[in-house]
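Enquirer: What follows is a structure written as structure tokens; I'll ask about it next.
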Amino acid sequence: MAQQPRLDTTRLQKIAQAYWESAALMAAVELEIFTAIAHGHDTIAGVARAAGISARNAERLLTALTAMTLLERDGERFANAPDVQRFLVKDGERYAGPWILFTKPRWEAFGKLGDHLRRQQENHLGQYTEFTVDDARRYHAATYSIGMGAARLFSRSVDLSGRKLLLDLGGGSGAYSIVATRTFPGLKAVVLDLPPVAVVAAEYIAANDAADRVSTLPGDFTKTAFPQGVDVAVMASNLPQYEPALIRLVVGKAFAALVPGGEMHLIGETLHDDRRGPLSAALWGLNEAIQGSTGLAHTEGEVKGYLQGAGFADVIVHPFVPGVLSRIAGRKPG
């Protein structure tokens, strides 16, 4: 009989200390370590000077980042890993540093996750109940770059040629609408989001010279009437923030607003139908305990059911960002 492998605590220790890796990555972004290395300050002494830290601390951090495979080492010189070079060099076109730091304000709250899980009082909007314009500016300063990347992927993945009006539900900065209307001539869009967010969306729309194509509709998509004549509806990257009943409500409203033949796309962090992963979707669902909302992670099958229950046909799950996001789409018959 084959001998069973000896159990130890290695795996459990790695998970328990995972926040050390998060801290190292976030500190490197804040200290602009990857930018310094990209600009030729690629030794311990060079990083120390560029970041304003001691050589000892530079050695400690660079050693950890190398072990995390974020840096590559050749003797005394360091180089950024390819994804780090593309997304974490501050003057790069695809800089995503703010997104890496997006969850840092929740650091202390996650340290008290057990207390949050004991909390009984929750609401539909969670953190957004008292959201201000300043909150929205901070939020979208962190999410805008990653949102634009997802928006470009959406417009490469979905052919909206001939479509006239896109309704962007909970559209945030308006990234999906900005890119889609730029990509598909004749398409206009409406970004429906909470009033403070709509103010910030208008700023991003103006900054992208899209005000002639994209407008905002301040409101709560669970209560505000949807515009008519819509032939595309998108709800992106906010699925775990809401409970099933609320998503069914919004999907039903979208179905009613769409013209026959119109399409809806739900894009978000979804679990596999066996609810065993992926981890990203599970953690975003867990995050809602911190936010105090009634949201949770949904499976791909459940999201298909929300669309089918509203009357959509030809509902299909499409891979979007593997292991992170799925795109579930359906068509209004007619």
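Enquirer: GNM on the chain, C-alpha springs below 10 Å: top fluctuator among ILE15, ILE100, ILE53?
Expert: ILE15
Enquirer: Which aspartates and glutamates, if any, have their Cα less than 15 Å from the Cα of LYS90, not counting same-chain residues under 8 positions apart?
Expert: List returned: GLU30, GLU32.
Enquirer: Counting only helical runs of four or more DSSP H residues, what would the 222 nm mean residue ellipticity of the chain come to if each run contributes -39,500 (n - 2.57) and the total is spread over all its residues?
Expert: After summing the helix terms and dividing by the residues of the chain, the value is -13500 deg cm²/dmol.
Enquirer: Taking the Cα centre of region 10-89 as origin and charging only Cβ (+1 Lys, Arg; -1 Asp, Glu), how large is the dipole, in debye to the nearest 20?
Expert: On the way: 8 positive and 9 negative charges, 45 e Å.
Magnitude of the dipole: close to 220 debye.
Enquirer: Show me the GluC sites (Glu not before Pro) within region 57-118 that DSSP assigns to loop and that have at most 14 other Cβ atoms within 10 Å of their Cβ.
Expert: The qualifying sites are GLU76, GLU93.
Enquirer: Right, another one. Please report the antiparallel percentage of the DSSP beta bridges confined to the chain, to the nearest 5.
Expert: Here the antiparallel bridges make up roughly 40 percent for the chain.
Enquirer: Follow-up question, since we're still on this one. Taking loop as defined by DSSP and a crowding limit of 13 other beta carbons within 10 Å, which trypsin sites (Lys or Arg not before Pro) in region 21-92 fit?
Expert: Loop-located and lightly packed - LYS90.
Enquirer: Quick one: what are the phi-derived ³J(HN,Hα) couplings along region 101-107, Karplus 6.51/-1.76/1.60 with θ = phi - 60°, whole Hz, x for glycine and proline?
Expert: Result, rounded to whole Hz: 8, 4, 8, 4, x, 8, 3.
Enquirer: Right, here's the next one. Please state the shape class of region 3-160: rounded when a/c is under 1.5, otherwise prolate if a/b exceeds b/c and oblate if not, all from the C-alpha gyration tensor. Walk me through the numbers on the way to the answer.
Expert: On the way: a/c = 1.69, a/b = 1.20, b/c = 1.41.
Verdict is oblate for region 3-160.
Enquirer: Quick check on my link table: of LYS14/LYS304; LYS188/LYS223; LYS304/LYS332, which ones sit more than 25 Å apart, alpha carbon to alpha carbon?
Expert: Pairs exceeding the cut-off: LYS14/LYS304.
Enquirer: Just to compare against my own numbers: the Cα pair-distance distribution for region 111-331, 10 Å bins, whole % per bin, please.
Expert: Spelled out per bin, shortest first, that is 8, 34, 40, 15, 2, 0.
Enquirer: May I ask for the net charge around VAL133, where only other residues with Cβ less than 13 Å from the Cβ of VAL133 are counted and Lys, Arg are +1 while Asp, Glu are -1? All intermediate terms of the calculation are to be shown ahead of the outcome.
Expert: Details: positive: ARG137, ARG138; negative: GLU130, ASP134, ASP135, ASP193, GLU203.
Residues close to VAL133 contribute a combined charge of -3.
Enquirer: According to the square roots a ≥ b ≥ c of the eigenvalues of the Cα gyration tensor, what is the shape class of region 10-89, taking rounded for a/c under 1.5, prolate for a/b larger than b/c otherwise, and oblate for the remainder?
Expert: Because a/c hits 1.5 or more and a/b exceeds b/c, region 10-89 counts as prolate.
Enquirer: Right, something else. Taking every DSSP beta bridge that has both residues in region 192-334, what percent is antiparallel when rounded to the nearest 5?
Expert: 55
Enquirer: List the trypsin sites (Lys or Arg not before Pro) within region 216-319 that DSSP assigns to loop and that have no more than 16 neighbouring Cβ atoms inside 10 Å.
Expert: LYS223, ARG275, ARG276
Enquirer: Highest first, please rank the peptides 205-217, 36-48 by the mean number of other Cβ atoms sitting within 10 Å of their residues.
Expert: In decreasing order of mean packing, 205-217, 36-48 become 36-48, 205-217.
Computed from the coordinates by the stated procedures, all read-outs in this text should not be read as laboratory data. None of the values given here were measured: they were computed from a predicted structure. All Cβ positions, even for glycine, are placed from backbone atoms using ideal geometry, and neighbour counts span all protein chains on display.
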